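Only one structure is covered here, and it is reproduced in the block below.
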Amino acid sequence: MLGLIDSFWWLVFPLSWAAISGWNAWLAQKARRDAMDLIQTYVRSGREAPPELLAKLNKA
């Protein structure tokens, strides 16, 4: 078992890159979902969403 770890220690780097990329994608999706929820709240109340909020959503 120790020989296997010694042989493939370098796999830590691509695996951590994949985990961090997945985490960042999840955070970006959560931010888009929260922005859409906020826009829906504005629409339900009959008001127009602020342009900054729409710009943030268009940027992503």
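Quick note: the coordinates plus some simple rules give every number you see, no bench work behind them. Predicted, not measured: the structure shown is a model, and the values here were computed from it.
Debye-formula intensities of the chain, expressed as log10 I(q)/I(0) at q = 0.16 Å⁻¹, are -0.64 (one equal scatterer per alpha-carbon, no solvent).
Between the Cα long axis of helix 12-44 and the first principal axis of the chain there is an angle of about 10°, rounded to the nearest 10.
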